[in-house]
1. Give me the number: length gained by fully extending THR147 to VAL28, i.e. 0.36 nm times residue separation minus the C-alpha to C-alpha distance, one decimal in nm.
2. For ASP123, ASP51, ASP145, what's the fewest-to-most ordering of other Cβ within 10 Å of each Cβ?
3. Would you work out the relative contact order for the range 10-141, in percent, from Cα pairs under 8 angstrom that are 6 or more residues apart?
4. Compute the label zone of LEU126 within the range 18-37: residues whose backbone N is under 16 Å from the point 7 Å along Cα-to-Cβ.
5. Would you order TYR125, TYR85 from fewest to most other beta-carbon atoms within 10 Å of each residue's own beta-carbon?
6. So how far apart, in nm, are the two label points at ASP96 and VAL72 if each is 7 Å from Cα heading toward Cβ?
Amino acid sequence: MFDGKPFRVLPRITDDTEFFWTAGRDGVLRFLACDSCRYIVHPPAPICPRDHSRHLSPCEVSGRGTVHTFTVNHQQWYPDLDPPYVIAIVTIEEQDDVRLMTNLVHVAPDAVTFGMPVRVVFDRYLDVWLPMFEPDPTRGGPEPDPTIAPASPTGGGGEDQ
Ligand SMILES: [Zn+2]
């Protein structure tokens, strides 16, 4: 699946996806939404699948989500990234068919549960802000522990937002 380094293979940014990968600059998660029916279209596409509108624009979401499923990686695939770390699919609060493949940070892998409430944090690499998620204690999740994060190739670890 990952064919290059660093571990977090940086996305190819196009005019259609730049808003998504740079939203973390403002600390806000954004998705493309239909201007007429407000359906969130992710991954971004030029046409709304609900009403076939071609008028879509970025919208802000809360950044709150839920762990839909997850796996704990124990392999040292990459020299800069020490296992274990958590790869998860997170659904967003606004629309539960929007699913993000992401990493969970600031939580011990054995404390992660299905359905755990999480909130977005951004991990910056150059001009890309990767959305990741930490537990949301305001909605019943465990308290995030900033000392627990996958080591990043840039040493950022997600703390410098
Ligand atoms: Zn629509």
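What follows is calculated from the coordinates using simple rules that are stated; it is not laboratory data. Everything numeric here is computed off the predicted structure, so don't read it as measured data. Here Cβ is always computed from backbone atoms with ideal geometry, including for glycine, and neighbour counts include all displayed protein chains.
1. Working: separation 119, 0.36 × 119 = 42.84 nm, distance 2.27 nm.
Length difference between fully extended and current span is 40.6 nm.
2. Lowest count first: ASP51, ASP145, ASP123.
3. Values: 257 pairs, mean separation 28.0, N = 132.
Averaging sequence separation for qualifying contacts and normalising by length gives 21 percent for the range 10-141.
4. Residues 18, 21-22 qualify, since their backbone N sits under 16 Å from the label point.
5. Numbers: TYR125 16, TYR85 19.
In order of increasing Cβ crowding within 10 Å: TYR125, TYR85.
6. About 2.6 nm separates the two model spin labels.
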